[in-house]
Structure formats: C-alpha cells, structure tokens
C-alpha cells in the first residue's frame, strides 16, 4: 500500500490509468462493505458507484499524513452508507418482509466460484445468506463495527479513524456486536435446518 | 469474575488481549460456569464464520461503469487497440491455419531452391520453381537409390565371405552329414531350385578376387557407383586361412551391371 499516495497524486494529476488502478485495487473491498451493510447486490453496486464518484470528487481532500488511503476510503464509504441508511430507513420499514435479501438466483449464479463444486457453492451461499440475515438484525453501530473488524479485517485504530470514535468505544461496539450476532445466529440455526428464511 | 464481566471481556479474551491476571480469572470462571463457556464457544464460532465468509466478486461491468461515470469514456491505449486487432488471429483455428500456411510456404521455398536472403528476379518465375523442384526430386531419388545399392553391395560381400569360410571336416567314423533338402512349401514351387537355398549361393563366380592382400571386385557394381571405395572395412576373418588383415574394395570395372548379374567379359 506504499504506492497508494503516489497513485493518488498521479490520479490528481489527471492520469486516468492511476485512477483506474485505484478503482480496481479497492473496488472489491468497498463493494463487499456495501453489500454487508445493505444485504442486496443491486443496492451494493449502486452504492459502490456512488462512493467512488464521491471519492473522485473529493480526492483532493485526502491527506497522506492523516493515514492510509484505504482508511480514508473506508471512512468516505462508511459515511455514505450511514447517510444512505438514514435516507432509506423509512423505505425499509414499509417494504415487504417477504422481499428477501434482494439477491436473485441470477445474481448468485452469475458469479459462481470456479474452483468449488456445486455442493460447496451451495453451502457457501447458505452461510453467506445466514450471516447476512444475522447482520441485518444488528443495530447500525454494532453492525458496522463488526463488519469492519471481522469481515474487512481492519485494526481497532483504523476502525476508530473510520468511525470517528475512540478505540474504547470501537472495542465495546465490536464486543456487543459479536455477542448479539452470536445470539441471533443461535436463534436462526434451527430455522436454517428447516430450510426457512429468517 | 461475574457473568457480566466475562461477557464484556469475551472479545478481548478470544483475541488474547487480556493481561495475565484477567485471563486467569476468566479461565477460572469458565471452568465453573457452563453457560459462559457455551457463550464463549458461540462467539468464537461467530468470529470464525465472519472471517471465513468469502468476499463477493462485483459484477464485471461495475468498474467500467464507474470509470465512465468518473473520467468518461476511456480511450483505449495503443496496445489495447493492437491486441483488439490481432485477437481474432489468436483464435486456435486461425492460428493453426496460419501456421500450416507458413509451413507449406517454407516447404515450397525449400523444394524450389529459393534463397530468400539472395532472391533474384528469376526466382519469382514459376517455371524456375518447377525446374528446381523437379531437379531436387530427381536428386533425392538418385541419392536414395545409391544408398540402396550401397547396402546391397555390403550385404552381398558379407554373404560371399561366409561362403569362403572352410566347412568343418567330419570325423573319421562319421559319415558326412548331409542336411536334408528343405521341404518344398505346400503347393510346390515353379522355380527350378529349392526355396531354402539362398539366391546368392547360386552365383557361380565371385565378383571379386583376393590378390596380395588386396581385395578387388571385378565387376558387379553399377555404373553410377564407380570409384566406390570401402577402406578400413574389416569383415569377420577369423576363419580365413590366408593372412588378410585389411581389405580394400575397389571397383575394377565400373561399366558392368549390377552385382548379382553374371560377370560379363570386358
């Protein structure tokens, strides 16, 4: 990641290939972050695009002395996701509970793993859906803390910078989030055995 | 340590961030509290589930879409345009056809005797190609024919040496054994000789002489093989009576026909 500030400089200098490289290097992480927050692939794609447009527009505000580019990018993405969450809260409350997670069969089949077999793919998909359903039941504060720590593998200090809260608060949120997630998963496990959606 | 304290410290405990005192307290509590033990196990499984969750792959059109939305339609680089041009050629069927074309062309060039480094105007004339191909074909045929004749000479010489070896004499009480004549194949033979006798044994006169340790052929070599010398050829001579250690083959008369034919008088 040492070359990131250089890439940012080149992108700011109008070098399109540098911007493309930044996008390709971080696109997948941001997409997964968006997916974990929303639980919908189509919404995650839209949000990823919006995040990168915002990043492109505010790239000049990035200061390498303040931290790594990935931390800054995560903070921009997180703020955008929180805004999106607040904006769409009313919509989510009124939306049908039978809508599912918005991921159609076509979405899943469009990106099958080329290495694993069909059974492994099904199991992997089930685990992912179960985890996503459990994450959706957490409060936004706890969810983002758990996602950044356990799914995005960020350090406590980085999470603290991204969320703008002290490290102690981050630890507390992560701990409470994990406990809550464990309880939700435990409650969902029997339903999973019956093959019903939570 | 109480249940509530352990619950607050479960993440630190699982991540190994507790100091020794707190860790010992937590372990002591876990030893006597099955509920907390189960809670710790469940949280551990949850963390493992999160960390083992594979990342989703974004749709392939997402990055190009974002690029279009940020920097507009991207201009393809020179190499991308070049690769796009030659990509159809890299298709296996096309590549195979091109390779076969090059191979065929190289064969034609080779057979026609055209030197691409020093190409001349007359090399472009198809009549020249035909002439050269015809010539090369005949040369090749002649070389092959000569090679066959060479082999034939060597084998014939070996056969005749075998005939020159003295047969072992029978003992005083033994009647000379005569090997029974080979049986004729079923249906008989239209030839006047038994089929088991080799054809070369019927040659009456050898096509060579041994004089003064010199081995000379009288005839029998085809005209095109005149001047053939097989120096340093050492046949199996252990049974020969005369002290010949080295033979020199020399065509005595190169105007006489093939070796297997009867000797002609010059």
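The values are calculated or read from the model by the stated rules, or taken from the named source; none is laboratory data. Computed from a prediction, not measured in an experiment: that's the story for all the values here. Every residue, glycine among them, receives a Cβ derived from its backbone with ideal geometry; neighbour counts consider all protein chains shown.
Take the conditions surrounded by 10 or more Cβ atoms within 10 Å (Cβ to Cβ), within 30 Å of residue B:105 (Cβ to Cβ), in contact with a helix residue (DSSP H, G or I) (Cβ under 9 Å, 6 or more places away or on another chain) and at pLDDT below 90 and apply them to residue B:142. Does it pass?
Considered against the rule, which asks whether it is surrounded by 10 or more Cβ atoms within 10 Å (Cβ to Cβ), within 30 Å of residue B:105 (Cβ to Cβ), in contact with a helix residue (DSSP H, G or I) (Cβ under 9 Å, 6 or more places away or on another chain) and at pLDDT below 90, residue B:142 comes out as no.
Condition check ((1) within 11 Å of chain B (Cβ to nearest Cβ); (2) part of a helix (DSSP H, G or I); (3) at pLDDT 90 or above; (4) within 26 Å of residue B:38 (Cβ to Cβ)) across all residues:
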site	(1), (2), (3), (4)
A:120	yes, yes, no, no
A:129	yes, yes, no, yes
A:135	yes, yes, no, yes
A:138	no, no, no, yes
A:150	yes, yes, no, yes
A:157	no, yes, no, no
A:169	no, yes, yes, no
A:176	yes, yes, yes, yes
A:185	yes, yes, no, yes
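Being away from chain B (no Cβ under 11 Å) and in a loop (DSSP other than H, G, I, E, B) is the filter here, so list the residues in segment A:1-38 that pass it.
A:1, A:2, A:3, A:13
Across segment A:132-145, what is the number of residues that are surrounded by 23 or more Cβ atoms within 10 Å (Cβ to Cβ) and under 14 Å from residue B:43 (Cβ atoms)?
1
Provide a single number: the residues in segment B:6-48 that are touching a residue at least 24 places away in the same chain (Cβ under 8 Å), in a helix (DSSP H, G or I) and more than 12 Å from every other protein chain (Cβ to nearest Cβ).
The qualifying residues number 6.
Please tell me if residue B:51 is within 14 Å of chain A (Cβ to nearest Cβ), part of a helix (DSSP H, G or I) and over 30 Å from residue A:21 (Cβ atoms).
No, not satisfied.
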